[in-house]
Amino acid sequence: MKKQKKKQKTERPEYSIKQAHPGQQCLRNVPILYDEKKHPISLTLTPTAIKKLTDLALMIGDSRSQVLEQLLRNITPIQAKRIIGKNPE
């Protein structure tokens, strides 16, 4: 019988390490930060946008997902229009 090689754990980037929630236990399918559960999606970004998102996450000390969540939850249509330069539908 052949011995299987153990996979070496790779170092996780700092921005992808989950933050602790003091006083709350993390349970699958139970929201902690919001009143609703998050769902996975797929985004396509340029390398420049990925770097900026990563830099923001590292600066804030949170995940890239959480940075996007907070930006989208807190931006107003007027701010979005100013940034993007288009009328929100």
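The values are calculated or read from the model by the stated rules, or taken from the named source; none is laboratory data. From a predicted model like this one, the values you see are computed outputs, not experimental measurements. Note that we place each Cβ from the backbone using ideal geometry, even for glycine, and neighbour counts take in every protein chain shown. What goes into the accessible areas is simple: the full protein's heavy atoms, side chains included, and nothing from ligands, DNA or RNA. Shrake-Rupley method; radii C 1.70, N 1.55, O 1.52, S 1.80 Å.
Some observations on this one:
- Residue tally, condition farther than 22 Å from P13 by Cβ and surrounded by 11 or more Cβ atoms within 10 Å (Cβ to Cβ), over the range 68-78: 1
- Residue selected from the range 16-67 under the condition open to solvent by less than 70 Å² (accessible area, probe 1.4 Å) and outside any helix (DSSP H, G or I), by the criterion modelled with the lowest pLDDT: H21
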